[in-house]
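Reading through the structure tokens given below for one structure.
The values are calculated or read from the model by the stated rules, or taken from the named source; none is laboratory data. Quantities reported herein were computed from a predicted structural model and do not represent experimental measurements. Virtual Cβ from ideal backbone geometry, glycine too; neighbours counted across all protein chains shown. Surface accessibility is based on the protein's heavy atoms, side chains included, excluding ligands, DNA and RNA. Shrake-Rupley method; radii C 1.70, N 1.55, O 1.52, S 1.80 Å.
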Amino acid sequence: MAEAARYESAGLVHRFMPGLRFDGLWRYAVRESESTLRWDELPLESEVSRASGDPEGAWWCVRRCVAVLGQRAWRLVRPPQALQRCPSIAQVERVLQAMLPGWDLGAEQGRGPASMNAIIRALEQGGCALVRLVLQSPRRQGVCWAWVVGVEMRARAPVQAHERALLVVGAPWHAPWGCGYGARLMPGEHGAWVVRSTEGQCVACEAVEVVVLEPAP
């Protein structure tokens, strides 16, 4: 099992996927040869807009996910096919499968605890997940994608109640300096979710679909 990075503060434990550093600007491990890794900057600025070819931020997440899991230079990561502006979960899964052949992928509906457990299991194995969200705030509606890079857990809670939130980054949230996430994705009542950004914003949402990535056995 891959050992995830860990950060403990105020009774909480943050566990992250391996291959990331965020003591300042985000950096990630890039493989130069079989025996050599270097740390390169991972840009988190948003190039997403309604007029762009990526209004929901799906490909923003895909490129960074592929760069980190594949240990590739971020600037060289290009999807292998023409992409829809607002892709389905099936197209995102196909593109990820083509770009990460050594990984097992699973797409599913976002079902609260079940989805959270599947994502946490992937993180424990050294993987991650992408989540398609439908924001339900009157001030901020629409679809966006989030890249799940870690999990927040209560440090001393019983095992069955450990998980508190998923730690995510994505185009809607400002790039976090010296922090491993841009927002927390937390289960709410009746299958709903809540996104809490590092700037204090709180938005109700629905985690419609999830793509989970784990290393192939």
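Figure legend. Inter-residue proximity from segment 205-217: first residues within 17 Å of residue 193 (Cα to Cα) and modelled with pLDDT under 90, second residues aromatic (Phe, Trp, Tyr) and assigned to a strand (DSSP E or B), beta-carbon distance below 8 Å, spacing 6+ or different chains. Indicated pairs: 205/193; 206/193; 207/193. Out of segment 166-192, which residues are hydrophobic (A, V, I, L, M, F, W, C) and open to solvent by 20 Å² or more (accessible area, probe 1.4 Å)? The answer is 173, 175, 177, 179, 186, 192. Residues that are open to solvent by 40 Å² or more (accessible area, probe 1.4 Å) and either basic (Lys, Arg) or more than 19 Å from residue 106 (Cβ to Cβ) (or both) within segment 193-217 comprise 196, 198, 199, 200, 201, 202, 204, 206, listed in sequence order. Checking the structure you have, find out if any residue of segment 82-89 is buried (at least 20 other Cβ atoms within 10 Å of the Cβ), part of a loop (DSSP other than H, G, I, E, B) and either at pLDDT 90 or above or touching a Ser or Thr at 6+ places or on another chain (Cβ under 8 Å) (or both). Yes, segment 82-89 contains a residue that is buried (at least 20 other Cβ atoms within 10 Å of the Cβ), part of a loop (DSSP other than H, G, I, E, B) and either at pLDDT 90 or above or touching a Ser or Thr at 6+ places or on another chain (Cβ under 8 Å) (or both).
Which one of these is free of Cβ contacts under 8 Å to residues at least 40 places away in the same chain, open to solvent by less than 40 Å² (accessible area, probe 1.4 Å) and within 16 Å of the chain's Cα centre (by Cα): 67, 122?
One residue alone meets the criteria, 67.
If the condition is being assigned to a loop (DSSP other than H, G, I, E, B), small (Gly, Ala, Ser) and over 18 Å from residue 62 (Cα atoms), then segment 181-210 contributes 188, 192, 200.
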